[in-house]
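Presented below is the structure to which this report refers.
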């Protein structure tokens with residue numbers, strides 16, 4: 001079972017500034033686009049927007065932060081939800 005205080009193991013966590021980073025890989029542009037659309041809907045529903053998103057045809061880089069505060073459960077849960085969206089669209 002995953003540690004509830006952590007994002008999944010493949011997220012890189014940084015202390016200063018506090019942030020989470022992950023690169024998501026996809027088989028094709030359609031999968032990438034679906035993930036980006038789902039991430040936008042997740043952001044709208046949670047009110048949490050990634051600090052930085054960059055993408056190409058088959059990958060998306062996402063950086064999540066806590067606006068200068070220590071990372072909390074809100075950011076980690078958002079990261080776990082992004083993992084679930086990526087698994088669903090892979």
Would you point out the residue of region 57-70, among those that are modelled with pLDDT of 95 or more and out of contact with any strand residue (DSSP E or B) (no Cβ under 6 Å at 6 or more places or on another chain), that is surrounded by the most Cβ atoms within 10 Å (Cβ to Cβ)?
-> 58
Quick one: residue 89 ticks every box in (1) within 13 Å of the chain's Cα centre (by Cα); (2) surrounded by 14 or more Cβ atoms within 10 Å (Cβ to Cβ); (3) modelled with pLDDT under 95 except a single one, so which number is it?
-> (1)
Evaluate region 32-47: report whether one residue or more is touching a residue at least 40 places away in the same chain (Cβ under 8 Å), crowded, with 18+ Cβ neighbours inside 10 Å and not in a helix (DSSP H, G or I).
-> no
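Just to be sure before I move on: is residue 78 in a helix (DSSP H, G or I), at pLDDT 95 or above and closer than 17 Å to residue 14 by Cβ in the structure I sent?
Details: in a helix (DSSP H, G or I): yes; at pLDDT 95 or above: yes; closer than 17 Å to residue 14 by Cβ: yes.
The answer is yes for residue 78.
The values are calculated or read from the model by the stated rules, or taken from the named source; none is laboratory data. Here the structure is a predicted model, which is why all the values come from computation and not from measurement. Here the Cβ is made from the backbone with ideal geometry for all residues, glycine too, and neighbour counts use every protein chain on show.
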